[in-house]
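One structure is given here, and the rest of the page talks about it.
The values are calculated or read from the model by the stated rules, or taken from the named source; none is laboratory data. Keep in mind the model is a prediction, meaning the values are calculated, not measured. Counting neighbours? That spans all protein chains shown, and the Cβs are built from the backbone with ideal geometry, glycine included. Remember, those area values only see protein heavy atoms, side chains included, never the ligands or the DNA or RNA. Shrake-Rupley method; radii C 1.70, N 1.55, O 1.52, S 1.80 Å.
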Amino acid sequence: MKDYIEIDEWKIIEQGFNPAHNKVSESIFSLGNGRMGQRANFEEAYSGETLQGNYVAGVYYPDKTRVGWWKNGYPKYFAKVINAANWIGIDILIDSEQLDLAKCEVTNFRRELNMKDGYLKRNFTAKTGSGKIVEVEAVRFCSIADDETGAIKYTITPLNFDGVLDVTPFIDGDIINQDSNYDEKFWDEVKKENWLNGGYIQMRTKITGFEVATGMLFSVLQDDKVIDPKTTPVEKEKYIAAKIELQIKKGQSTTIIKYAANLSSQNYNASELVDNLRETLARISEKGFETMLAEQAGAWAQKWKHNDIIIEGDAAAQQAIRFNIFQLNQTYTGEDDRLNIGPKGFTGEKYGGSTYWDTEAYCVPFYLATADPKVTRNLLLYRYKQLDKAIENAKLLGFNNGAALYPMVTMDGTECHNEWEITFEEIHRNGAIAHAIFDYVRYTGDEDYLADYGLEVLIAIARFWAQRVNWSNERQQYVMLGVTGPNEYENNVNNNWYTSKIATWCMQYAMDVIEKVQATELGKYVALANKISFDAAEETAKFKDIIAKMYFSYDEGEQIFLQQDGYMDKEQILVKDLPASERPINQKWSWDRILRSCYIKQADVLQGIYFFEDEYDIETIRRNFDFYEPRTVHESSLSPCVHAILAAKLGDEARAYEFYLRTSRLDLDDYNNDTEDGCHITSMAGTWMSVVEGFGGMRVRDGKLSFQPFLPGKWQSFSFHIGFRGTLLNIKVNKDGVQIKNLSGNETTVLVYDKEQLVKANDELLVEA
């Protein structure tokens, strides 16, 4: 755990430069706008430890799989959102000495992420080897108002000398991915051109053939006036630049304003990329940096208006929740159903930027409540459009009759994960996709989605589960063999409770939806049944038989759902009894030792209880929570939020708050010593869930919002916005009770502590504590 980020309710601040923290800070201070993003690399050269990262959403490369022992069914490649052309670069030479913070004496260093207005600012003073001192301020952003563009304002001031300043703004397409399996470069140059005050490179990905044109325009100011300096074009393979030679005087500031754009062949014809790029650059440079920055602030103000969470009395908690919400809004906007949410977003290479089940299990609740319903609908359509490949994936593993197994990792629907215990066994991911459909319809009331898209996915998933179980003559029940549950510290286990639970739930939900669509959209149902050769009588009879006769592990002594067969054979040493020197165990222990231990990476049984809490009484939830949480090491970023929500439901304020802080400050404080690889974007949605579903106790009951809030002792109040079926509500919880403001023109009925409350349009009410 690190503790160097200063507390501020609207800003992330790093004061002082510590090279050992640089890669962590590059992740934390990352920028994005849903269409493109970048790590917080320096504009000027840096020869120290760094992970360069610029990314264009949806552009990926199929990196050939690298495994020690090939197994039938392994994917041929791992799809990765690859490092794209570096557009932020501005090389600085001071009387022929390169400005490089790894080689300079650095003072007054401050890096600031302004979350309210959406920009990154960096200040420092640097002393070169020859004793020359300069002061620098750099401000940049990725525009969410114009989401293919970004801009930089870089100002340098000599403090103790007159001299020559060489400034070289550049675009570098000769970049690498540090996670390349075979040290391969993924881009080929198509063409490039230098202009008088800018230029571009058009690149094409190998194999996949995506083309991206990255361009820049720049201007130079001295004494706040635009000047026309001597400029020399520079070109080399996959690289264009302009070397600008300037005379500078002590105390005189020189500013370089650099406008940039990334245009992709996903959105334009490749032959028209450059023409559109020129138009885009001309448009934003005509606006000017300050206008673009003001537009950025305005666009962020609109986002914060709908999804800010305000916490009074706890600045660390306030900073943390806003950081999580900020990163989520930078990563995904929901405008394009071809895009999804990678676990690292635009903050790093780990996990390839691909889609995991995290989206459906953790991100869907956030976007349902804070964005237009079409945003979540697009996430569901992303999976619907990949159903054929999910069926193909199941077929590769030996399933038939239209059974679908959605991939663990994907960009285009093709399975990309190549570890057998995950690829073949962590099949519970299918359940998360089905549950997201349930979640969406329950929240929005959009039952048309079921007949148009959802039912086809649900039947394909149910067919998979019906084939994946087998009948045990010994037990005279159906069993689920050879699986990995959410707890990835257990592999190839039998009868993982969560997997079996969500399998039977999927089959039941599919049958419920079949009945509903038959009753309301018979024509669409018949057309679908014919399309997929669905024999309702025969197949639903099989589903019912499995549901009725499914085996679930249970421990009578503890009266808990048993994570899997044989779990109680393990040595039951609690996490609190582990020496701190042995944590995290995934970095300190052998895999053999982890697999033989009782330790749980993330919520497993408790994930099922979170999903299906309405099926269990409070004491059942408490027994399972009190048994499994002390054995959970929380070495997945997805773990603390589920525990925070359940602890809140149980009235365990201390543990609920502990888990909230852990999930919300996971990256800011680098809890798991892995933030340098990128931020944990998908788990950030879990932070929002911890507040709204945990402390706010929000659920959907019979088509109405329900709240069971409580106020953590360290907080004076907290409030959040919820969009629900045409209404926008502000919920504020304080010592006086629960204040509900209806910010829309539609009245609505909500439940507060199980009592119905009518909230009239544009009105408010107080439910006293």
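Say whether the condition of being at pLDDT 95 or above and of a type in the set (Ser, Thr, Tyr) is met by at least one residue in the range 421-432. No, every residue in the range 421-432 fails to be at pLDDT 95 or above and of a type in the set (Ser, Thr, Tyr).
Residues considered: Ala361, Ala404. Of these, the only one that is surrounded by 23 or more Cβ atoms within 10 Å (Cβ to Cβ) and in a loop (DSSP other than H, G, I, E, B) is Ala404. Of everything in the range 228-280 that is of a type in the set (Ser, Thr, Tyr) and in a strand (DSSP E or B), the residue that is surrounded by the most Cβ atoms within 10 Å (Cβ to Cβ) is Tyr259. Look through Val212, Val234 and report the one residue that is among the β-branched types (Val, Ile, Thr) and out of contact with any helix residue (DSSP H, G or I) (no Cβ under 9 Å at 6 or more places or on another chain). Just a single option satisfies the conditions, and that option is Val234. Among the candidates Lys132, Lys64, Lys103, the residue that is touching a Gly at 6+ places or on another chain (Cβ under 9 Å) and either within 30 Å of Ala394 (Cβ to Cβ) or without any contact (Cβ under 8 Å) to a residue 40 or more places away in the chain (or both) is uniquely Lys132. Taken over the range 736-750, the criterion of being touching a Ser or Thr at 6+ places or on another chain (Cβ under 7 Å) and either open to solvent by 30 Å² or more (accessible area, probe 1.4 Å) or touching a residue at least 60 places away in the same chain (Cβ under 8 Å) (or both) is satisfied by Asn746 alone. Filtering the range 722-735 for residues that are over 30 Å from Ile82 (Cβ atoms) and without any contact (Cβ under 8 Å) to a residue 12 or more places away in the chain leaves an empty set.
Scanning the range 101-132 for residues that are closer than 18 Å to Met292 by Cβ and among the polar types (S, T, N, Q) turns up just one, Asn114.
Residue count for the range 122-150, restricted to those that are more than 23 Å from the chain's Cα centre (by Cα) and either more than 20 Å from Thr255 (Cα to Cα) or surrounded by fewer than 20 Cβ atoms within 10 Å (Cβ to Cβ) (or both): 12.
Only residues in the range 155-174 that are farther than 15 Å from Val136 by Cα and free of Cβ contacts under 8 Å to residues at least 12 places away in the same chain count as the first member; pair them with residues that are open to solvent by less than 20 Å² (accessible area, probe 1.4 Å) and assigned to a loop (DSSP other than H, G, I, E, B), Cβ under 7 angstrom, at least 6 apart or cross-chain, and list the lot. Here the result reads none, with nothing in the range 155-174 linked to a residue that is open to solvent by less than 20 Å² (accessible area, probe 1.4 Å) and assigned to a loop (DSSP other than H, G, I, E, B).
Looking only at the range 151-205, residues that are in contact with a strand residue (DSSP E or B) (Cβ under 8 Å, 6 or more places away or on another chain), surrounded by 16 or more Cβ atoms within 10 Å (Cβ to Cβ) and not in a strand (DSSP E or B) come to 8 in all.
Within the set Leu397, Leu387, the sole residue that is hydrophobic (A, V, I, L, M, F, W, C) and more than 28 Å from Trp69 (Cα to Cα) turns out to be Leu387.
Filtering the range 95-127 to residues that are in contact with a strand residue (DSSP E or B) (Cβ under 6 Å, 6 or more places away or on another chain), among the hydrophobic types (A, V, I, L, M, F, W, C) and over 20 Å from Gln38 (Cα atoms) leaves Leu99, Cys104, Val106, Phe109, Phe124, Ala126. Residues in the range 457-476 that are buried (at least 19 other Cβ atoms within 10 Å of the Cβ) and not hydrophobic (A, V, I, L, M, F, W, C): Arg463, Arg468.
If you go through the range 407-421 and keep only what is open to solvent by 10 Å² or more (accessible area, probe 1.4 Å) and of a type in the set (Val, Ile, Thr), you end up with just Thr414. Within the set Gly651, Gly697, the sole residue that is open to solvent by 30 Å² or more (accessible area, probe 1.4 Å), among the small types (Gly, Ala, Ser), modelled with pLDDT of 95 or more and not in a helix (DSSP H, G or I) turns out to be Gly651. Of the helices (runs of 4 or more DSSP H) entirely within the range 501-610, those holding at least 3 residues that are loosely packed, with under 15 Cβ neighbours inside 10 Å and within 35 Å of the chain's Cα centre (by Cα) occupy 591-596.
Going by what's in this entry, would Glu488 be described as in contact with a helix residue (DSSP H, G or I) (Cβ under 6 Å, 6 or more places away or on another chain), farther than 20 Å from Ile547 by Cα, of a type in the set (Asp, Glu) and part of a loop (DSSP other than H, G, I, E, B)? It is false that Glu488 is in contact with a helix residue (DSSP H, G or I) (Cβ under 6 Å, 6 or more places away or on another chain), farther than 20 Å from Ile547 by Cα, of a type in the set (Asp, Glu) and part of a loop (DSSP other than H, G, I, E, B).
Okay, residues lined up against (1) assigned to a strand (DSSP E or B); (2) hydroxyl-bearing (Ser, Thr, Tyr); (3) touching a Pro at 6+ places or on another chain (Cβ under 7 Å); (4) surrounded by fewer than 21 Cβ atoms within 10 Å (Cβ to Cβ):
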{"residue": "Phe78", "(1), (2), (3), (4)": "yes, no, no, no"}
{"residue": "Asn83", "(1), (2), (3), (4)": "no, no, no, no"}
{"residue": "Asp91", "(1), (2), (3), (4)": "yes, no, no, yes"}
{"residue": "Asp100", "(1), (2), (3), (4)": "no, no, no, yes"}
{"residue": "Lys103", "(1), (2), (3), (4)": "no, no, no, yes"}
{"residue": "Asn108", "(1), (2), (3), (4)": "yes, no, no, yes"}
{"residue": "Glu112", "(1), (2), (3), (4)": "yes, no, no, yes"}
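What are the residues in the range 114-145 that are part of a loop (DSSP other than H, G, I, E, B) and closer than 26 Å to Ala261 by Cβ, if any? Selection gives Met115, Lys116, Asp117, Gly118, Ser143, Ile144, Ala145. Residues in the range 751-766 that are of a type outside the set (S, T, N, Q) and either open to solvent by 60 Å² or more (accessible area, probe 1.4 Å) or closer than 23 Å to Pro365 by Cβ (or both): Leu751, Val752, Tyr753, Asp754, Lys755, Glu756, Leu758, Val759, Lys760, Asp763, Glu764, Leu766.
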